[in-house]
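The values are calculated or read from the model by the stated rules, or taken from the named source; none is laboratory data. Values in this document were obtained by computation on a predicted structure and should not be read as measured data. Because the Cβ atoms are built from the backbone with ideal geometry, glycine has one as well, and the counts that use them run over all protein chains shown.
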Amino acid sequence: MVFNMPKKTILSGIQPTGVFTLGNYIGAIRNWASMQEEYDCFYAIVDLHAITVRQDPNVLRRQSLDCYALLLACGLDPAKSAVFIQSHVPAHSQLSWILSCYTQFGELSRMTQFKDKSSRYSENINAGLFTYPVLQAADILIYNAHYVPVGADQKQHLELARDIAVRFNTVHGETFTLPEPYIPKEGAKVMSLTDPTAKMSKSDDNANSYVSILDPPEMIMKKFKRAVTDSDSVVCYKEGKDGVNNLMTIYGVATGMTNPQIESEFAGKGYGDFKTKTGEAVAEMLRPVREEYARLSAEKDYIRDCYTAGAERAAAVAQATLREVYDKIGFVV
Ligand code: ATP
Ligand code: LTN
């Protein structure tokens with residue numbers, strides 16, 4: 001017998017802080033598109049999170065729209081999923097305040113992203129940078145998301161979101177679904193091409209450290225040719241060979257090959273050949289995204305219609321959760 005089970009819910013978000021990198025694509029976005037059939041999906045451009053670091057208003061506005069178009073170019077279908085801009089759904093900020101009253105100072109002090117960003121932006125350690133994970137918990141819990149597809153760097157924030165949900169449910173009765181991270185086995189943490197001990201990041205000052213998903217093929221080739229490896233010349237996955245390990249992960253994702261298959265393809269060949277093949281495979285993997293983005297970036301009205309409809313769809317769900325929460329905590333509704 002076939003039961004018509006309701007679909008489970010997915011939510012994820014990405015900051016409009018620049019063109020997405022290969023790390024964002026492999027660690028997160030590539031999985032978002034493939035989940036749209038099986039799940040009820042909510043995907044947000046998290047502009048509220050982006051302002052925890054100082055942003056130029058005109059740049060932020062442009063990047064939010066560009067990033068939205070990029071998500072569609074990466075295969076998100078606004079007819080299937082709610083694809084929206086976070087600040088268009090005010091219930092996220094409203095729930096965030098409430099959840100901050102269910103979050104301990106000590107918990108937030110332990111977040112590694114806060115520690116990293118406050119040392120990187122030491123001139124502006126604002127309260128938003130500190131409470132960032134509470135807003136992220138609100139993003140997730142307001143849709144009662146079951147799964148949150150993210151890269152490995154977000155695991156700690158997901159655990160906090162769960163802890164906040166458990167605490168709230170314990171005090172007020174079953175309210176929020178407990179979310180689980182959905183972290184890919186391969187490519188959960190793509191490393192920088194210039195420093196393979198650091199995460200590839202779109203806000204890195206050195207553009208050679210990342211491949212942006214809109215980089216033209218020649219530039220992708222150049223960045224891989226320059227990628228930092230090591231002083232021996234054997235293509236194999238081994239502790240201590242961070243640069244080669246990273247390239248093997250990327251090549252594996254782009255071609256579907258396993259590490260032993262990659263090792264035998266390049267047995268007896270040097271790094272030069274391996275880097276060229278990796279660059280080619282990545283340029284090819286990203287070709288549909290580049291082509292679709294070029295087409296979509298001229299469709300301003302269509303993009304506006306999509307984010308307006310996406311926000312309406314998201315707001316209907318978010319507003320209902322917020323009302324339930326208001327009621328449970330004793331606000332007059
Ligand atoms: P920023 O440099 O502005 O902090 P970021 O490049 O780290 O940004 P985010 O917008 O913070 O990107 O993250 C979006 C998604 O991409 C998250 O799910 C995150 O886990 C994932 N992600 C980011 N960088 C990587 C990476 N190097 N490898 C795998 N996944 C990543
Ligand atoms: N914190 C995430 C972005 C983000 C997010 C979310 C991810 C904001 N809200 C909700 C998943 C679910 C980041 O910095 N990568």
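One table, with the values for the structure above:
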{"read-out": "Pairs with Cβ under 7 Å, 6+ apart, first in region 265-281 and of a type in the set (Asp, Glu), second assigned to a loop (DSSP other than H, G, I, E, B)", "value": "Asp273/Phe266"}
{"read-out": "Cβ-Cβ under 6 Å pairs, at least 6 apart or on other chains, region 76-89 side outside any loop (DSSP other than H, G, I, E, B), far side among the β-branched types (Val, Ile, Thr)", "value": "Ile85/Ile45; Gln86/Val46"}
{"read-out": "Residues within region 123-161 that are in contact with a Lys or Arg (Cβ under 8 Å, 6 or more places away or on another chain), within 16 Å of ligand 1 (Cβ to nearest atom) and under 14 Å from Ile10 (Cα atoms), tallied", "value": "1"}
{"read-out": "Residue selected from region 162-199 under the condition of a type in the set (D, E, K, R) and part of a helix (DSSP H, G or I), by the criterion nearest to ligand 1 (Cβ to nearest atom)", "value": "Arg162"}
{"read-out": "Count of region 137-155 residues which are more than 7 Å from ligand 2 (Cβ to nearest atom), under 17 Å from Lys7 (Cα atoms) and aliphatic (A, V, I, L, M)", "value": "3"}
{"read-out": "First in region 291-316 and outside any helix (DSSP H, G or I), second anywhere and of a type in the set (A, V, I, L, M, F, W, C), Cβ under 6 Å, 6 or more apart", "value": "Ser297/Ala69"}
{"read-out": "The listed residue being within 17 Å of the chain's Cα centre (by Cα), within 29 Å of Arg120 (Cα to Cα) and within 15 Å of ligand 2 (Cβ to nearest atom), out of Ile14, Ile10", "value": "Ile14"}
{"read-out": "Test: residue in region 48-55 that is over 13 Å from the mean Cα position of the chain (by Cα), among the polar types (S, T, N, Q) and more than 12 Å from ligand 2 (Cβ to nearest atom)", "value": "yes"}
{"read-out": "Neighbours by Cβ (under 8 Å, 6+ apart or cross-chain): first from region 40-55, more than 30 Å from Met5 (Cβ to Cβ) and outside any loop (DSSP other than H, G, I, E, B); second at pLDDT below 95 and not small (Gly, Ala, Ser)", "value": "Ala50/Thr17"}
{"read-out": "Top-ranked residue in region 168-211 [being out of contact with any helix residue (DSSP H, G or I) (no Cβ under 8 Å at 6 or more places or on another chain) and in contact (Cβ under 8 Å) with a residue 40 or more places away in the chain; ranked as farthest from Thr278 (Cα to Cα)]", "value": "Val171"}
{"read-out": "Output for region 285-316, where each listed residue is within 17 Å of Leu247 (Cα to Cα) and touching a helix residue (DSSP H, G or I) at 6+ places or on another chain (Cβ under 7 Å)", "value": "Met285"}
{"read-out": "Residue list for region 118-158, restricted to those being out of contact with any strand residue (DSSP E or B) (no Cβ under 8 Å at 6 or more places or on another chain) and either free of Cβ contacts under 8 Å to residues at least 24 places away in the same chain or at positive phi (or both)", "value": "Ser118, Ser119, Arg120, Ser122, Glu123, Ile125, Ala127, Phe130"}
{"read-out": "Number of the exception - Asp116 against (1) surrounded by 14 or more Cβ atoms within 10 Å (Cβ to Cβ); (2) within 12 Å of ligand 1 (Cβ to nearest atom); (3) at pLDDT below 95", "value": "(1)"}
